[in-house]
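See below for the structure under consideration.
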Amino acid sequence: MRTTTQLTTADRKAALPAPQGRPIARSLSGEAPDLRAAYRLCQRTTRQHDPGIYALIQLMPAVLRPGGWALWAAVSVLDDLADSRDAEPAEREARVEAWTRALQDDLAAGTSTDPVRHALVDTALRWHLDPSSLQGAMTSTREDVRGRRFADWDQWRAWCTEAVVPWVDQLRHLFEQAGAPMTLRLDRHKDYEQFVDGAQLTDILTDLSTDLPQGDLLLPHEALVAFPGVEDDLRQGRWSRAVAELIGEMTALARQWLSQPTMTRGMHPGAAIVFDTAADLMRAQLDAVDTAGPALLKRAPRPSLVVRTRILAPARLRATMAWSLTSLTVPGPRRPGVTSSRPCPATEEAAFRPPPPHRDGARPPQIAADQMPSHVAIIMDGNGRWANQRGLPRPEGHRAGTAAVREMVYGALETGLPHLTLYAFSTENWKRDTEEITTILEAIQHGLDEGPIRDLDVRQRWLGHPDKLPEELVQTMRREERRTRNRTALTLTVCINYGGRDEITRTAAALAQAARAGEIDPRFIGEDDFARHLPHPDMPDVDLLWRTGGEHRTSNFLPWHATYAELHFTPHYWPDVDRRDLWQAITEYSRRQRRHGAAPLTTTRSTVQASR
């Protein structure tokens with residue numbers, strides 16, 4: 001991962017806030033000498049490799065800075081291993097892999113003989129960070145050795161999300177653990193993602209002079225193709241009109257992505273200052289890129305010392321004031337022998353447990369792969385009626401229904417189903433009694449925090465809108481999405497505060513916004529374009545839609561994805577269902593002939609006569 005807000009060595013002393021040694025020393029008081037030395041090494045590494053990041057970390061409260069240094073020093077070490085030109089790609093890839101695996105062992109042991117890993121392990125355990133969320137970022141760094149090419153912006157954004165966001169999220173978690181959360185408004189997560197994209201694009205434009213000689217052109221083909229000949233010009237180091245026009249368009253796009261003034265609303269003022277200052281530094285960097293001209297392909301441009309000082313000096317004063325008014329939670333020194341209870345990044349797979357067997361010993365049916373559905377979606381209906389039938393309050397039915405959810409996940413894993421989507425709470429469910437709504441949302445929260453699904457090879461995703469949902473629930477869902485993003489056996493999508501028409505309306509609005517921004521030509525919009533703007537563009541079409549509870553309607557559930565779904569309705573209430581019912585639904589699906597509008601493969605005289 002690269003950074004954008006770099007400063008030169010000559011002017012670093014004048015531009016950066018002065019190191020505040022005493023608060024830092026107090027924050028590490030009582031620690032072993034080797035740990036203090038490890039953090040100081042991370043401080044020096046961050047300052048040398050990423051002075052802009054170092055400037056931003058200096059705006060954080062003193063107690064959080066060592067954690068920031070440890071995180072960014074680890075990024076720098078991994079990048080150096082991946083980018084070093086003293087070895088062939090295979091050897092560099094092996095070095096990144098070896099360092100990552102050593103970190104896994106160190107996290108399990110709770111210490112390390114490597115100073116950077118020692119500081120990172122201490123930060124993770126001291127602040128209760130989840131290092132498993134870094135697995136994708138570390139894998140991405142290893143794969144960067146092979147070179148990257150992106151067909152379109154979607155691929156490029158996926159790379160940014162995988163390589164950059166996990167590290168930034170760790171810093172956000174530091175703030176959260178200290179009691180000064182970088183809380184994002186529930187409707188501002190898209191702005192956050194665009195901000196990260198803007199930072200990465202700024203960095204790519206800044207580093208063209210070093211990336212191009214190494215054969216790296218990290219802009220998507222979709223951006224390059226609009227300027228004929230520009231790729232050849234860039235790879236040959238030629239400044240041309242096409243190159244100038246491309247750079248102008250890319251810097252304008254980066255500025256647009258970085259301009260997210262509402263993103264920091266609701267944040268702690270100190271955390272907001274860090275984000276706002278980062279944006280100011282990157283906009284200054286883009287100004288330098290714009291004015292560099294042909295020199296952009298020869299050396300990395302930098303904003304002037306005056307510009308940087310104008311940004312950083314007032315930011316330091318504002319941050320000092322903000323943190324002086326804040327009471328932070330400061331963890332004490334870790335006790336010797338305290339290790340992480342969480343799985344380590346790449347050993348997590350080994351920690352996955354198999355689903356427990358069915359209580360009656362039932363086993364899944366043997367179904368040919370070409371007759372298996374890829375995606376089963378379930379409307380979990382009948383919880384309230386199940387409770388009423390037993391003389392219980394309706395909320396009790398929802399509590400009982402959580403066991404059926406686990407059974408569906410177990411049954412899906414045992415039969416090899418790749419995608420399972422559950423309709424948990426619709427946009428229309430807000431009309432229900434407050435106690436019932438509270439019970440449903442509390443059951444979901446409890447399942448995410450402590451449910452047995454956490455330890456299975458299940459990638460968890462959420463589909464719906466954050467409006468009205470408890471902020472803690474939304475943050476937990478996003479956490480689980482990050483934590484499980486690299487799991488592969490089953491993708492479990494839970495629809496919460498979801499409505500099919502609402503999804504289509506919001507997707508149409510996103511498509512219109514893209515057209516307005518010039519990202520797509522409205523005259524040539526097709527189904528694929530619409531699908532790319534859905535919340536989960538990679539979600540496959542539903543093969544089998546199953547509803548329990550005796551009702552025979554789809555109730556605004558996945559209208560785009562379920563257009564050709566086979567429908568399956570059963571009378572049992574949801575709490576009475578277990579994995580055998582899923583297997584029965586899949587077995588029935590396997591017997592159906594799916595034509596998608598085509599004629600049957602074979603016809604007989606009797607069939608033709610019957611159809612007349």
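Read-outs: derived from the displayed coordinates by stated rules, not from any lab. Keep in mind that what you see is a predicted model, and the values were worked out from it rather than measured. All Cβ positions, glycine included, derive from the backbone under ideal geometry; neighbour counts span all protein chains shown.
Nothing charged except the Cβ atoms of Lys and Arg (+1) and of Asp and Glu (-1): what's the magnitude of the dipole of the chain about its Cα centre? Round to the nearest 20 debye.
1060 debye
Mean residue ellipticity at 222 nm, helices only, the chain: -16500 deg cm²/dmol; runs of at least 4 DSSP H residues each add -39,500 (n - 2.57), and the sum is divided by the number of residues. Against the main long axis of the alpha-carbon atoms of the chain, helix 471-483 sits at an angle near 80°. When a/c is below 1.5 the answer is rounded, else prolate if a/b is larger than b/c, else oblate, so apply that to segment 66-174 with a ≥ b ≥ c taken from the square roots of the Cα gyration tensor eigenvalues. Because a/c hits 1.5 or more and a/b fails to exceed b/c, segment 66-174 counts as oblate.
Computed extension gain for Asp467 through Gln584, at 0.36 nm per residue and net of the alpha carbon distance, reaches 38.5 nm. Around the Cα centre of segment 28-108, unit charges on the Cβ atoms of Lys, Arg, Asp and Glu (plus for the first two, minus for the last two) sum to a dipole of about 480 debye.
Under the definition of Cα pairs under 8 Å and six or more residues apart, what whole-number percent is the relative contact order of the chain? So the answer I get is 14 percent. The modelled label-to-label distance for the pair Asp83/Arg299, using points 7 Å beyond Cα in the direction of Cβ, is 1.8 nm.
Subtracting the Cα-Cα distance of Thr210 and Arg516 from their residue separation scaled by 0.36 nm leaves 106.7 nm.
Each principal axis of the Cα atoms in segment 362-440 has its own extent, and those three values, largest first, are 45, 28, 15 angstrom. Simple point charges give the picture: +1 on the Cβ of Lys and Arg, -1 on the Cβ of Asp and Glu, and for segment 403-466 a dipole about the Cα centre of about 280 debye.
Would you mind classifying segment 258-315 by shape? Square roots of the alpha carbon gyration tensor eigenvalues, ordered a ≥ b ≥ c; an a/c under 1.5 is rounded, otherwise it is prolate if a/b is larger than b/c and oblate if not. Judged from the Cα gyration tensor, segment 258-315 comes out prolate (a/c at least 1.5, a/b above b/c). Residues with beta-carbon under 11 Å from that of Trp574, excluding Trp574: net charge, scoring Lys, Arg +1 and Asp, Glu -1? Overall, the nearby charge balance is -3. In plain terms, the residue of Leu201, Leu456 with the fewest other Cβ atoms within 10 Å comes first and the most crowded comes last, giving Leu456, Leu201.
For segment 373-593, relative contact order (Cα pairs under 8 Å, six or more residues apart, normalised by length) works out to 31 percent.
Think of the chain as having a plus end and a minus end, set by charges on the Cβ of Lys, Arg, Asp and Glu; of Gly229, Leu41, Trp153, Leu41 sits farthest toward the positive end of this dipole.
Estimated at 0.36 nm per residue, the fully extended path between Arg478 and Glu551 surpasses their Cα-Cα distance by 23.1 nm. Between the residues Ala74, Thr402, Val164, the greatest Cα displacement towards the positive end of the dipole of the chain, with unit charges on the Cβ of Lys, Arg, Asp and Glu, is found for Ala74.
Could you state the orientation-averaged shadow area of the convex hull built on the Cα atoms of the chain, in nm² to one decimal?
Convex hull of Cα atoms, orientation-averaged projection: 33.4 nm².
The share of Cα pairs per 10 Å bin across segment 9-324, counted from zero up to the longest distance, runs 6, 25, 35, 26, 8, 1, 0 percent.
Along the axis of the charge dipole computed for the chain (Cβ charges of +1 for Lys and Arg, -1 for Asp and Glu, origin at the Cα centre), the listed residues Leu297, Val376, Leu392 are led at the positive end by Leu392. Quick check: the angle from helix 89-109's long axis to the longest principal axis of the chain, C-alpha only, nearest 10 degrees? Orientation of helix 89-109: about 80 degrees from the principal axis. Exposed loop sites, defined as GluC sites (Glu not before Pro) outside DSSP H, G, I, E and B with at most 14 other Cβ atoms within 10 Å, are absent from the longest region of the chain, namely 1-518.
With neighbour counts taken as other beta-carbon atoms within 10 Å, the residues Met321, Met282 rank, fewest first, as Met321, Met282.
Between the Cα long axis of helix 579-590 and the first principal axis of the chain there is an angle of about 80°, rounded to the nearest 10. Database remark: amide H of Gly382 closer than 5 angstrom to the amide H of Trp574 (H placed geometrically; neighbours at sequence offset of 5 or more, or on other chains; Pro and chain starts carry no H). Summary of the geometry: segment 59-100 and segment 449-511, compared by the centres of their Cα atoms, lie 31 Å apart.
Each 5 Å bin from zero holds the following percent of Cα-Cα pairs in segment 152-284: 2, 9, 18, 21, 18, 12, 9, 6, 4, 1, 0.
Modelled spin labels at Arg241 and Asp34, positioned 7 Å past Cα toward Cβ, are 6.5 nm from each other.
Computed from the C-beta positions of Trp560 and Asp433, the FRET efficiency with R₀ = 45 Å rounds to 0.90. Remark: spin-label model distance Ser324-Val306 equals 3.0 nm, labels positioned 7 Å along the Cα→Cβ axis. This ranking places Ser374, Ser112 by how few other beta-carbon atoms lie within 10 Å of each, fewest first, which gives Ser374, Ser112. Rounded, prolate or oblate: which fits segment 373-593 when a ≥ b ≥ c are the square roots of the eigenvalues of the alpha-carbon gyration tensor, with rounded for a/c under 1.5 and prolate only if a/b beats b/c? Prolate shape, in that a/c is at least 1.5 and a/b is the bigger ratio.
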